[in-house]
Amino acid sequence: MEERAPSGGRSPRAARAGGPAPRPVRLREVSAERAPRLPTGIGELDRVLGGGLVPGSLVLLGGSPGIGKSTLTNMALGNLAAAGRATLYVSGEESAAQIRLRAERLGAAALEVPVLAETDLDAVLATLQAERPEACVIDSVQTLHSAALESAPGTVAQVREVATRITEVAKRQDTAVLLVGHVTKEGALAGPRTLEHLVDCVLQFEGERERTYRTVRALKNRFGSTNDVGVFEMREGGLVEVLDASARFVGEATQAPGSVVLAAMEGSRPLLVEVQALVSQSELVPPRRVCNGIDRNRLALVLAVLGRHAGIGLGTSDVFVNVVGGVRIDEPGADLAVALAVASAARGVATDPSPLACFGEIGLTGELRSVAHPDRRAQEAAKFGLAAVVSPARARTLREAVQTALSSGQRAQRAA
Ligand code: TYD
Ligand code: MG
């Protein structure tokens with residue numbers, strides 16, 4: 001069903017037909033100047049990018065509607081404009097007036113950004129070439145469309161064509177381009193995913209729209225690591241970097257039965273987050289398993305091991321698990337936190353001490369397995385007053401970990 005991109009001049013083979021074969025060059029002799037980066041002035045974003053935008057590169061920023069993509073990119077361009085850089089904000093989604101209203105909330109710098117409300121690709125390319133900005137935002141890649149293709153905007157062929165033609169111009173004139181792309185909750189929409197191989201860097205903006213915290217992480221980065229995560233909070237005046245995320249999450253932790261603190265690694269940075277669980281008698285067969293912020297399959301595994309190897313059967317209970325603050329945790333180290341939160345909820349006793357920090361992967365035979373960076377996780381926990389960490393270093397099995405975590409609460413219960 002795919003259309004062929006009509007862009008001319010992209011067939012070097014035809015031009016060289018019959019000529020001498022090109023010679024490869026030894027890597028040592030290849031000149032590779034490192035152009036200075038363009039810092040966006042948003043520390044968390046710059047860190048995830050690997051130090052700022054790279055001139056001539058393409059960054060794809062994906063995220064669901066309302067997460068804050070337009071806000072983040074407008075803020076970034078505002079900072080760049082304030083630093084004397086030539087910028088351009090292209091919007092195919094909102095009118096210039098709408099963008100202005102947002103920019104008013106973001107402050108003076110954001111209002112200095114030149115804006116073009118346009119959906120026609122050729123018009124956008126013409127402006128790009130005329131203005132030669134150092135940094136440009138296309139919001140969003142799905143709304144632009146090339147008249148050369150018949151398909152509707154947002155289709156795979158259109159999105160590819162838009163990205164390819166913009167890349168050509170960007171590389172030629174050293175413009176750093178931030179392509180905004182919508183991703184639906186299911187990640188379904190034609191678009192961003194099909195562009196991943198075309199761009200230099202793929203950033204994912206995640207979080208729940210209704211919640212405060214959002215994270216930006218790199219899924220791919222030709223110019224930096226994919227380990228870093230930026231944490232933001234949406235406030236009245238735009239996105240604010242959350243530099244003390246651990247302190248906040250620990251401070252807000254409830255200390256009630258069903259709550260534990262996970263010492264997680266978000267890329268190269270340790271992060272303490274609260275994991276909560278609720279266990280209640282079910283009316284349904286099969287009972288409900290609802291989770292937010294962790295993988296469903298992982299929850300199923302943890303519940304199975306709890307039942308089989310730690311004596312906590314949940315076959316007739318609904319289980320709800322939530323990572324507080326809208327944070328998504330995608331690492332095996334979260335297993336133990338999920339298990340202990342559920343165990344604590346099922347038994348109705350708070351952990352001892354509470355809040356209790358923990359981390360570790362759970363194996364199918366009930367053993368605890370070590371995970372990356374145990375020292376940094378433990379240090380982060382200690383830094384925020386959670387010295388007694390339950391980890392694979394302290395408990396060999398899930399059963400032991402449950403006993404350690406819930407011991408004094410159970411003693412109290414027995415005494416009562
Ligand atoms: P937006 O950046 O438009 O999201 P996206 O481009 O990803 O669709 O903004 C998302 C939400 O953020 C919007 O519902 C309004 C809210 N918001 C604030 O709470 N404070 C602000 O300062 C701004 C600009 C937006
Ligand atoms: Mg938007």
| said: Return the residues of segment 210-256 that are within 19 Å of ILE294 (Cβ to Cβ) and either of a type in the set (D, E, K, R) or assigned to a loop (DSSP other than H, G, I, E, B) (or both); say none if nothing qualifies. | reply: GLU210, ARG211, THR212, ARG214, ARG217, GLU252, ALA253, THR254
| query | With VAL260, VAL216, VAL242, VAL231 as the choices, which residue is modelled with pLDDT of 85 or more, surrounded by 14 or more Cβ atoms within 10 Å (Cβ to Cβ) and more than 20 Å from the chain's Cα centre (by Cα)? | reply | VAL260
| Pairs, first of a type in the set (A, V, I, L, M, F, W, C) in segment 218-231, second assigned to a loop (DSSP other than H, G, I, E, B), C-beta under 6 Å, six or more apart | ALA218/THR226; PHE223/GLY50; PHE223/VAL54; VAL229/GLY267; VAL231/VAL242
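Any residue that is under 24 Å from TYR213 (Cβ atoms), in contact with a helix residue (DSSP H, G or I) (Cβ under 6 Å, 6 or more places away or on another chain), outside any loop (DSSP other than H, G, I, E, B) and of a type in the set (Gly, Ala, Ser) - is there at least one of those in segment 367-378?
Here is the first cut: in segment 367-378, the residues under 24 Å from TYR213 (Cβ atoms) are 371-373, 376-378.
Checking the rest, the ones that are also in contact with a helix residue (DSSP H, G or I) (Cβ under 6 Å, 6 or more places away or on another chain) come to 371.
Now restrict to residues that are outside any loop (DSSP other than H, G, I, E, B): none.
So far as segment 367-378 goes, no, none of its residues is under 24 Å from TYR213 (Cβ atoms), in contact with a helix residue (DSSP H, G or I) (Cβ under 6 Å, 6 or more places away or on another chain), outside any loop (DSSP other than H, G, I, E, B) and of a type in the set (Gly, Ala, Ser).
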| said: Looking only at residues that are in contact with a strand residue (DSSP E or B) (Cβ under 6 Å, 6 or more places away or on another chain) and surrounded by fewer than 18 Cβ atoms within 10 Å (Cβ to Cβ) in segment 292-320, which one is farthest from GLY333 (Cα to Cα)? | reply: ASP318
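Is it fair to say ASP330 is touching a residue at least 24 places away in the same chain (Cβ under 8 Å), surrounded by fewer than 20 Cβ atoms within 10 Å (Cβ to Cβ) and over 27 Å from the mean Cα position of the chain (by Cα)?
no
Here is a list: ALA97, ALA110. Which entry is touching a residue at least 12 places away in the same chain (Cβ under 8 Å), under 30 Å from GLU208 (Cβ atoms) and either under 22 Å from the mean Cα position of the chain (by Cα) or within 16 Å of ligand 1 (Cβ to nearest atom) (or both)?
Working: ALA97 fails: touching a residue at least 12 places away in the same chain (Cβ under 8 Å).
Matching residue, one of ALA97, ALA110: ALA110.
Quick grid of which residues meet (1) modelled with pLDDT under 95; (2) more than 16 Å from ligand 2 (Cβ to nearest atom); (3) touching a Ser or Thr at 6+ places or on another chain (Cβ under 8 Å):
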residue	(1), (2), (3)
ASN74	no, no, no
ALA81	no, yes, yes
VAL90	no, no, yes
ALA97	no, no, no
ARG100	no, no, no
LEU125	no, yes, no
| request: Kindly indicate the residue of segment 70-94 that is in contact with a helix residue (DSSP H, G or I) (Cβ under 6 Å, 6 or more places away or on another chain) and near ligand 1 (Cβ under 9 Å from one of its atoms) and also nearest to LEU144 (Cα to Cα) among those meeting that condition. | output: ASN74
| Which numbered condition PRO153 misses (of (1) within 16 Å of ligand 2 (Cβ to nearest atom); (2) under 25 Å from the mean Cα position of the chain (by Cα)) | (2)
| request: Mind telling me which of the residues GLU266, GLU241 ends up being in contact (Cβ under 8 Å) with a residue 40 or more places away in the chain, of a type outside the set (A, V, I, L, M, F, W, C) and out of contact with any helix residue (DSSP H, G or I) (no Cβ under 8 Å at 6 or more places or on another chain)? | output: GLU266
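The values are calculated or read from the model by the stated rules, or taken from the named source; none is laboratory data. If you're wondering where the values come from, they're calculated on a predicted model, not measured in any experiment. Note: ideal-geometry Cβ built from the backbone for every residue, glycine included; neighbour counts use all protein chains shown.
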